[in-house]
Amino acid sequence: MDGFDEYIRKLRMDQKLSLRDVAARTGVSVSYLTMIEHGRRGAPGVPILKKLAPLYKIPLRELMKSAGYLDEVAAGPSDDEEVNRAFDYVMSDPRYKSGTRLSGELTIDVKRFIVEMYEKATDKKLLPGG
C-alpha cells in the first residue's frame, strides 16, 4: 500500500509513543516496526495490525483498509454502523435494564461503552474485532 509507512508512523507519533514503547506493548520488535515505518517492509499481517489498532486508538477495520487488506466495496458496514447496530440490539434486550434512562443524543463513544459493558455482563460478542 502506498503511503502506509507514513500513515503508520503518524498514528504512532499522534499517540506520542516511541518505537520502543510500541514494541514493549505489542511484542513486535523495534527493528520490524522501523522497517515498516521506513517503507523497507510492506504492511504487516493482520495479527500485528490487531495489536497496533488498540494502541493507536484506531478501529482495526480502518487500519486494515489502509494496509490494503480491505477494499472499499468489500469493507462492509463502517465501525459506527456496527456500534449503532449493536447498541440497538442492547437497548432491545428486555433483560438488560442499564442505560434505559438515558436521554438526549448519545455519542458513538457512549454507545460503544454501553455495548462493551453489555458484552462483559452477558458474555455475548456483538462488536467485531478485539
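The values are calculated or read from the model by the stated rules, or taken from the named source; none is laboratory data. These numbers were taken from a predicted model, which means no experiment stands behind them. Using ideal geometry, Cβ is built from the backbone for each residue, glycine included, and neighbour counts are taken over all protein chains shown.
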Pairs, please: C-beta under 6 Å, at least 6 apart or cross-chain, first residue closer than 13 Å to D5 by Cα and assigned by TED's automatic domain parsing to the domain that holds Q15 and in the range 31-56, second outside any helix (DSSP H, G or I) and charged (D, E, K, R)?
M35/R41
Taking the range 61-73 and keeping only residues that are under 8 Å from the mean Cα position of the chain (by Cα) and surrounded by 18 or more Cβ atoms within 10 Å (Cβ to Cβ), one is left with R61, L63
Search the range 27-49 for residues being surrounded by 16 or more Cβ atoms within 10 Å (Cβ to Cβ) and assigned to a helix (DSSP H, G or I), and hand back the single one that is nearest to the chain's Cα centre (by Cα).
L49
Does any residue of the range 5-22 turn out to be loosely packed, with under 12 Cβ neighbours inside 10 Å, within 27 Å of L106 (Cα to Cα) and of a type outside the set (A, V, I, L, M, F, W, C)?
yes
